[in-house]
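The values are calculated or read from the model by the stated rules, or taken from the named source; none is laboratory data. As the structure is a prediction and not an experimental result, all values here were calculated from the model. A quick note on method: Cβ atoms are made from the backbone with ideal geometry, for glycine too, and the neighbour counts reach across all protein chains shown. All accessible areas refer to the heavy atoms of the entire protein, side chains included, with ligands and DNA or RNA removed. Shrake-Rupley method; radii C 1.70, N 1.55, O 1.52, S 1.80 Å.
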Amino acid sequence: MLKGRHIIEPGDLSTRELDRLFGLAEDIIKEPEKYKEVCRGKILATLFFEPSTRTRLSFEAAMLRLGGSTLGFADPGSSSTTKGESLTDTIRVVSSYADAIAMRTPKEGAALLASQVSSVPVINAGDGGHHHPTQTLTDLLTIRAYKGSTEGLTIGLCGDLKFGRTVHSLCKALARYPRNRFVLISPPELEIPDYIISRVFKPSGVQFTQVRRLEEAIADLDVLYMTRVQKERFFNEQDYVRLKDSYVLDAEKMNIARKDLTVLHPLPRVNEIATEIDSDPRAAYFPQVKYGMFARMALIASLLGVDGLEPEKPMEIDAGKPARGGARGGKKK
Ligand code: CP
């Protein structure tokens, strides 16, 4: 169903496709042995033009656990981009070597541009402050595991809602499931971009409120999604220092939260969750990391057409053309 597609933003997958992917990820969790050879002979390239621990390593772990191989770089300083090679030329070259490309860049829109010249599927592993769709798969799979559903939830998003690309991608995805309600908790300087309100929440009639204090909101939440203030996207150090500790989730605030709250964080955390919370059963941010690997296993297997859900056919490789199909052809709901 997803074979050969590019994944640039959460809207590239319909809710039906998302739910099928989660079903596959849950089967991989249950019976990993069944999937340990399905990508034998396939290669995933990981091109990271921006630092990462979880996303790059979980993509690589995912491919290795499917029996495939990986190549790529974590430091663009070791690639020919330092000699002035363009992103599009780099992608054309790497898509001659690999069966899929996972890439992260600091530039919004770079993954979309890459998908237009790649002959193999491109997976956006984060483009600036824009999108991070595989973090969204991670977040939704974790929510399914903890809450049993991705519908009818009150979700608090707290911290840097302006620059946090994981927040933008998660809002877009959760707004497509019925009866979800959002509580947006941020200082005025780090409010969610207007386009999320005008183009995501309002057209779908999604309920949302904006508040300044976490204490005002926490008691009502099913899910609390904490975020780091994104230092790397600030134009001046002074503003970052002023805003970086706007919210700190600690035991005192957890005392007024519900017993069935689920606390998520895309990580890395800096100060926004006190380590005293780590042993609280409501803290799901370390298990979330593992769900991310399983979500990426399901995605890679599906994009390479080896997930067992479709008839097995060899991947078409045509070095001269963008990958066929392509989610960019139309948004799905
Ligand atoms: N959540 C996330 O994207 O982490 P990394 O930056 O370490 O990949």
5 angstrom amide H check on TYR225, placed H, neighbours 5+ away: GLY156, LEU157, CYS158, LEU264
Accessible surface of region 134-287, 1.4 Å probe, proportion on carbon and sulfur as whole %: 48 percent
Cβ-placed point charges (K, R +1; D, E -1), dipole of the chain about Cα centre in debye, nearest 20: 780 debye
Alpha-carbon spread of region 134-287, three principal axes, descending order, Å: 41, 38, 29
The chain - share of DSSP beta bridges that are antiparallel (%, nearest 5): 5 percent
Solvent exposure of the chain as accessible area per residue, Å², 1.4 Å probe: 43 Å²
Computed label-point distance, nm, for sites GLU252 and THR82 using a 7 Å Cα→Cβ extension: 4.8 nm
Normalised contact order of the chain, rounded percent, pairs of Cα under 8 Å and 6 or more residues apart: 25 percent
Residue-by-residue Karplus 3J(HN,Hα) for region 146-162, coefficients 6.51, -1.76, 1.60, Hz, glycine and proline x: 8, 9, x, 6, 10, 10, x, 10, 9, 10, x, 10, 10, x, 8, 8, 7
Rounded FRET efficiency, nearest 0.05, which uses the C-beta distance separating LYS107 from ASP75 and R0 of 22 Å: 0.85
The chain: most fluctuating residue of ASP239, ASP99, ASP27 per GNM, C-alpha cutoff 10 Å: ASP239
Cα-projected label distance for ARG92 with ARG179, points at 7 Å along beta-carbon direction, nm: 5.3 nm
Descending semi-axes in Å of region 1-57, equivalent ellipsoid built from Cα gyration tensor: 21, 19, 13
Unit Cα scatterers, Debye sum, the chain: log10 I(q)/I(0) for q = 0.09, 0.12 Å⁻¹: -0.46, -0.82
Angle between the chain longest axis and helix 165-174 axis [Cα atoms, degrees, rounded to 10]: 90 degrees
Choice from ALA111, ALA61, ALA298 showing the highest fluctuation, given a GNM over the chain with Cα pairs closer than 10 Å: ALA61
Potential lengthening between ARG199 and ARG269 on full extension [0.36 nm per residue; Cα-Cα distance subtracted]: 22.3 nm
15 Å cut-off, amide nitrogen to a point 7 angstrom out along ARG282 Cα→Cβ, residues in region 136-154: 147, 154
Amide H contacts of ALA45 (H built 1.01 Å from N, under 5 Å, at least 5 apart or other chain): LEU71, ASP99, ALA100, ILE101, ALA102
By accessible area with a 1.4 Å probe, ligands and nucleic acids excluded, highest first: order of SER80, SER279: SER279, SER80
Placed amide H near ARG181: partners under 5 Å, 5+ positions off or other chain: LEU153, THR154, ILE155
